[in-house]
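Every number in this text was worked out from the coordinates using simple rules, so none of it is lab data. As the structure is a computational prediction, the values presented were derived from the model and not from experiment.
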């Protein structure tokens with residue numbers, strides 16, 4: 001149990017190849033360091049701040065060194081691993097949710113991509129607010145599109161947090177997804193059909209959920225950095241120095 005007396009299951013998507021980032025480093029993406037700390041340790045620390053009592057990480061079958069690195073430290077939660085080379089981000093996302101909900105847990109679960117760098121307590125504040133949105137199937141952390149080459153734009157209703165458009169339909173928008181999610185396992189009703197229909201990215205799956213009438217919500221957070229390219233490492237380090245002032 002966490003400080004609030006409730007359990008929180010969380011998951012980290014780290015099964016991508018990270019080929020764009022690895023052009024500037026030989027490290028596996030989760031082990032790339034930002035301000036002296038690996039990306040995966042940063043997200044694990046953020047999950048801890050959010051009150052996670054159990055964290056499951058999905059990584060490629062050829063990335064077991066990530067597990068070995070993380071295991072050198074003790075963590076304040078149960079840490080579990082899925083070793084699976086998934087074809088797309090959507091498959092990793094659904095695989096995580098299926099694992100977290102395997103015993104009937106109804107969530108919501110806190111999920112994050114491994115390459116999201118955010119300031120202290122950002123995950124905690126986001127999830128505390130997301131937990132109050134009981135009607136939301138998926139709650140998206142929203143940030144400025146910034147310099148992201150391919151942001152997933154989001155537009156919410158003018159008077160509440162409900163998402164009314166996502167992707168190209170949301171343009172222009174001041175918000176894009178930040179790689180942090182609160183997810184209820186009811187979305188698994190759409191998993192088989194999405195796989196069968198060849199939905200090949202998480203952004204397409206989220207758009208499908210919205211089109212099918214699922215309640216998606218968006219919560220603005222302070223700035224976050226998506227570390228996809230070598231240049232993003234310096235950007236993230238500058239951001240972190242500013243956030244600590």
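Here, the chain has an Rg and a Dmax of 16.8, 49 Å when only alpha carbons are counted.
Given 4 °C and 1.567 mPa s, compute D for the range 158-245 with the Stokes-Einstein relation, Rh being the Kirkwood radius over Cα pairs; round to the nearest whole µm²/s. Reported coefficient: 84 µm²/s. On the principal axes of its alpha-carbon atoms, the range 106-199 has extents of 34, 31, 29 Å, going from largest to smallest.
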